[in-house]
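See below for the structure under consideration.
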Amino acid sequence: MKAARIVEPNKPLEVIELPSPKPTGNEVIVKVKAAGVCHSDLHLWEGGYDLGDGNFLKVTDRGVKYPITPGHEIVGTVSEIGDSVKGVSVGDQVLVYPWLGCGECPACKVGNENLCDTPRSIGLFQDGGYAENVKVPHFKYLAKISGIDLDGAASLACSGLTAYTAVKKANMNSPEFLVIIGAGGLGLMGIQIAKAITKAKVICVDLDDNKLQTAKEMGADFVVNSNVIGSVATGSGNAAQKIISLSNNKGADSVIDFVNAPQTVKTGLAALRKRGNLVLVGLFGGSLELSLVTIPLKALTIQGAYTGNYNDMVELIDLAKKGIIKPVISQRYSLDQVNDALENLKQRKIIGRAVINP
Ligand code: NAD
Ligand code: ZN
């Protein structure tokens, strides 16, 4: 089978011929129909994450081994099953839950494998969906899908699921005004989910008018271009002040930062009202100096969100089936075009999600 692999960081991915995986026991082989191209694939390609102050967190220090086939948003058809597989048959259309855990740690024991102490995620720690076939270690990680667009369904496994977790966390203080920073693959899902499951007015911030136009189409009540207005760092007339004035001068109740870089977090913190809630999701990275007293004086909550659990993915499939959320898929690439797909994402040319159709 053909697979597109990261051989080493920052080198073009290589499309090579690999032996097709064979299933045993509980394993399932899925013939890939679509694999979403997530910004996290770019971080994997770049070799890690910016920790700020010139420091870098290498994915190899977190257990990633190159060469690796990326792709964690995978939809396809079951093509072969191991002899212990139950409830899944050859020919079924499935979405793969990629956030596999160890099954033993405290998070796994309560069903949050995405928060496992020793994760085994597909497309990160084991070969993923940028390939004609992918091996799923256990049939319990599959969810049957029907009646929804298959390319769009792929994004439910990461961009949709992560946005769902983040919106649930941001909704804990019943926000009247909810800010979403970053109108990319995750942010556009976040807007739709926020409009579906919260009562909040949504203010979306990005630095690209095309993305903000789509944000409005997805239901954002207000949009703010932080590139035009300026970030907090650039002083007066900044995005935080714009958010505060849009929220009737109260400030935002919750902010979800799908970028999570110094300038966006500064904006988020400055825009929050008392009792505000900041949910950090993006992995753009960097570091920040905080004025500590503001956090207790304003009783702020700052929390992280990482992907989501299997049950939430199933709930999300249901929301997609009902047409309540509609993944935005703007570009489709073949396996041979994988480097173009990643390069275009890096250059912010993709609206919503791109998918690879092997
Ligand atoms: P994307 O490239 O599709 O979207 C990023 C968006 O942010 C773009 O619209 C871009 O214009 C905007 N942006 C970039 N810099 C900005 C800035 N300074 N101010 C305002 N807007 C800015 O990316 P994505 O796939 O949506 O992923 C977003 C981030 O979330 C990535 O870092 C990704 O790795 C991370 N991620 C985190 C999780 C998690 O579980 N925590 C899961 C998936 C992805
Ligand atoms: Zn992802």
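Here, each number is a calculation from the coordinates, and none is a lab measurement. What you are looking at is a predicted structure, and each value in this text was computed from that prediction instead of being measured. For neighbour counting, all protein chains shown are included, and Cβ atoms are generated from backbone atoms with ideal geometry for every residue, glycine included.
Packing, taken as the mean count of other beta carbons within 10 Å per residue, orders the peptides 168-180, 105-117 from highest to lowest as 168-180, 105-117. By DSSP, what percent of the beta bridges with both residues in the chain are antiparallel, rounded to the nearest 5? In the chain, DSSP labels about 55 percent of beta bridges as antiparallel. Taking a Cβ cut-off of under 10 Å around residue 267, the surrounding Lys, Arg, Asp and Glu residues balance to a net charge of +1, with basic ones at +1 and acidic ones at -1.
Going from the fewest other Cβ atoms within 10 Å to the most, the residues 156, 283 appear in the order 283, 156.
The charge dipole of the chain, taken about its Cα centre with unit charges on the Cβ atoms of Lys, Arg (+1), Asp and Glu (-1) only, comes to about 980 debye. Here residue 274 is the anchor, and the aspartates and glutamates within straight C-alpha reach of less than 12 Å, apart from those fewer than 8 places off in the same chain, are 253. For the peptides 203-212, 264-273, residues were scored by their other Cβ atoms within 10 Å and the scores averaged per peptide; the highest-first order is 264-273, 203-212. Tilt of helix 310-321 relative to the longest C-alpha principal axis of the chain, in degrees (0 to 90, nearest 10)? Compared with the principal axis, the helix lies near 80 degrees.
The residues packed around residue 179, meaning those with a beta-carbon under 12 Å from its beta-carbon, carry a net charge of -2 if Lys and Arg are +1 and Asp and Glu are -1.
Between amide H atoms placed 1.01 Å from N, distances below 5 Å from residue 179 occur with 203, 254, 255, 256, all of them 5 or more places distant or on a separate chain.
Amide H contacts under 5 Å for residue 145: 93, 94, 95, restricted to partners 5 or more places along the chain or on a different chain, H placed in the peptide plane at 1.01 Å from N. Residue order for 49, 130, 164, fewest other beta carbons within 10 angstrom first, comes to 49, 164, 130. Residues 97, 333, ranked from the fewest to the most other C-beta atoms within 10 Å, line up as 333, 97. Using the Cβ-Cβ distance between residue 294 and residue 322 with R0 set to 51 Å, the FRET efficiency from 1/(1 + (r/R0)^6) comes to roughly 0.80. Compute the long axis of helix 185-197 from its Cα atoms, compare it with the longest principal axis of the Cα atoms of the chain, and write down the angle in degrees, 0 to 90, nearest 10. Roughly 70 degrees, rounded to the nearest 10.
Residue separation of residue 140 and residue 58 scaled by 0.36 nm, minus their Cα-Cα distance, works out to 26.5 nm of gained length. Helix content alone sets the calculated 222 nm mean residue ellipticity of the chain: runs of n ≥ 4 DSSP H residues at -39500 (n - 2.57) each, divided across all residues, give -7500 deg cm²/dmol. Considering only alpha-carbon pairs that sit under 8 angstrom and 6 or more positions apart, the relative contact order computed for region 123-247 is 16 percent.
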